[in-house]
Amino acid sequence: MSVPLLLAQATAEHVQEMSQVGAGRIVGGWEYVWACYLIAWIGIGLYTVSILVRRRGRKGTAV
Amino acid sequence: MGTETGNARKFFEELFQGRENLEKVLKLLRQLLKALRIALPVIGFPMLAFGGWLALAWVPAERDMGAPSRIMYAHVPAVWMMFLCCVLNFGASIWYLAGKPSLKVDAMAEAGAEVCLVFGVIGVLLGSIWARPTWGVYWNWDPRLTSVTVMLVTYAAMMAARRFEEDPDRRARVSAVLGILAAASAVLVWFSVKWFNSLHQVQSSPKTTYPELVVTLRWNSFAFLFIAAWFVWERYELALKARAGEVAPPEPPPAPAEGGVA
């Protein structure tokens, strides 16, 4: 195989490999963001309700 | 104990030049604490809502991580609150075992442990979701994730053990020991990213990030702090009432009705 052909083949392989590499930046992903904030808000909300319910229960049983 | 309290009272009476002035200061302090207990959620929840807007709409996305970088403003404050409550539980546990055991100290330890567990679970869930777009997987048994799992399982075991043990002193001692073990694993959680080869990034510095990111993170951290402080306060009061119910003397039997059968 001739040298120019080998070079051309190597270049083509390199271009193909580089095309598979991304820019190193994440694109999209808003669904993960919303899922996280919903979990955080719902978690804090549920614990608040739990505290208030227990507080009311204690008041109800207080002598 | 009684003498110590008496001495402290005498000292403060002298400091405020008379019992009347001391009573006034104590009354003012009680009113301030009452106002603070109301103010914490009143300020904290609107701050959390505004912090959500800052994180989701106002702050620019981090250059490389894109939209998922916004998860930081909920994940990091939640984990910080977990650590704060862990420190509270650790202090109360040490105080109970090494100092003078009291129901108030045990109630504080219980409040710290439960709120720590709540914020810990939220923080880990958020971190796991953040891991999917950045690491490619929801979970990886790397040192930080493994140590935080051990820590949260220890707190869960403590809360479960508290329900099974009826003797208040024994219950407090067992949970204090577990609290110290959990705090030891918290040290591992904090330093794991430095000591081991971890997928999780090391702690960042505000000096290396944009001011908008720092402002948003601080705002959300204070919102979480106010809410966590209110949670601990309310949970402490609940625990105190539960202790009072346990140690209260039994009610006297009802007096027999006149002419009734004895």
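The values are calculated or read from the model by the stated rules, or taken from the named source; none is laboratory data. On a predicted model such as this, the values are computed, not experimentally measured, just so you know. Neighbour counts are summed over all protein chains in view; Cβ atoms, including those assigned to glycine, are modelled from backbone coordinates with ideal geometry.
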Subset tally (residues that are surrounded by 15 or more Cβ atoms within 10 Å (Cβ to Cβ) and in contact (Cβ under 8 Å) with a residue 24 or more places away in the chain) for segment B:202-225: 10
Hits in segment B:48-64 (condition: aliphatic (A, V, I, L, M) and within 8 Å of chain A (Cβ to nearest Cβ)): B:48, B:55, B:56
Test for residue B:73: is it aromatic (Phe, Trp, Tyr) and modelled with pLDDT of 95 or more: yes
Flag for residue B:47 being modelled with pLDDT under 90 and surrounded by 12 or more Cβ atoms within 10 Å (Cβ to Cβ): no
Among (1) part of a helix (DSSP H, G or I); (2) among the basic types (Lys, Arg); (3) over 30 Å from residue A:24 (Cα atoms) - the single one residue B:100 does not satisfy: (1)
Of all residues in segment B:70-108 being within 14 Å of chain A (Cβ to nearest Cβ) and among the aromatic types (Phe, Trp, Tyr), the one that is nearest to residue B:127 (Cα to Cα): B:73
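Listed here are the residues, each with its yes/no results for (1) free of Cβ contacts under 8 Å to residues at least 40 places away in the same chain; (2) in contact with a Gly (Cβ under 9 Å, 6 or more places away or on another chain); (3) on the phi > 0 side of the Ramachandran plot.
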site	(1), (2), (3)
B:24	yes, no, no
B:57	yes, no, no
B:64	yes, yes, no
B:76	no, yes, no
B:104	no, no, no
B:111	no, no, no
Considering residues of segment A:9-56 that are within 9 Å of chain B (Cβ to nearest Cβ) and over 30 Å from the mean Cα position of the chain (by Cα) only, the residue surrounded by the most Cβ atoms within 10 Å (Cβ to Cβ): A:51
Qualifying residues in segment B:54-97 (those that are touching a Leu at 6+ places or on another chain (Cβ under 9 Å) and assigned to a loop (DSSP other than H, G, I, E, B)) - the one surrounded by the fewest Cβ atoms within 10 Å (Cβ to Cβ): B:60
Condition met for residue B:67 (among the small types (Gly, Ala, Ser), over 18 Å from the mean Cα position of the chain (by Cα) and within 14 Å of another protein chain (Cβ to nearest Cβ)): yes
